[in-house]
Amino acid sequence: MSANYPPPQQPGGQNPYGQPQSGQPQSPYAASPYAGGQPGAQAPGGFNAGAYAPPAPAGMTQQQKNPGVAILVGVVAMLAAAFAYAGIMRAMAKDDGSYTEVGYIALAVGLLVGAVLGKVGGRNPVLPVVGVVLALLGVFLGEMMGLSMIASHYASQNGLDISWFKVLTDHGGDVFKQWKHDFDVKSFFFLAIAGVEGFVVTRRVAG
């Protein structure tokens, strides 16, 4: 005559599948380190499923840059820098129309243009070249407007009322001749450095 006896129970610390009794049926695999696909858990054989998680889309990890908007903002920054350059030239000019050239202002123009292009446009191979063009253009416009402001101020000292904008538009050829006359090796050096800064700073900020 046979009788069914329940199998002997081992203590919870000896049974690898033993679980504390909580009144709910427990799965023998609930304590498995591979359950739930937890990151870092390795399945038998050394396979780590968490290591093969799909990468996040590029648009979620890096903000999309727009080179067209960067060029537009760069032009605005260039014009602002040119006006500032012209204002400083006018402030440093004497009543007789002479002024002291401060080439370091040209470097600031290149720095500002490059920083704006790189920050807004990101890594784009065209933007550093645009940075050179805008930096050179900003320095040139700044000096042309500055000379016009100085001429306007000098004219006012002699009883003539003419705005710097009218000097630039109506007598632009004379202003350009004065710019060429004042252009020397020092001017070329600072102009070249401004162009280099427009290129280098654009790449550095974008990187």
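For the reader, a short list of remarks on this structure follows.
- Neighbour-count ranking [beta-carbon atoms within 10 angstrom, fewest first] of SER98, SER163: SER98, SER163
- Overall, the ratio between the Cα radius of gyration of the stretch 65-206 and 2.2 N^0.38 Å, rounded to two decimals, is 1.11.
- Placing dummy labels 7 Å off each Cα toward the beta-carbon, the span from PHE183 to VAL196 is 2.0 nm.
- Each of TYR104, TYR154 was scored by other Cβ atoms within 10 Å of its Cβ. Listed from fewest to most, they are TYR104, TYR154.
- Checked against a 30 Å cut-off, the cross-linked pairs LYS65/LYS177; LYS94/LYS180; LYS65/LYS186; LYS119/LYS177 give Cα-Cα distances beyond that limit for LYS65/LYS177; LYS65/LYS186; LYS119/LYS177.
Each value in this text was obtained by applying a stated rule to the coordinates, not by laboratory testing. All values reported here derive from a predicted model rather than from experimental measurement. We place every Cβ from the backbone using ideal geometry, glycine too, and count neighbours over all the protein chains shown.
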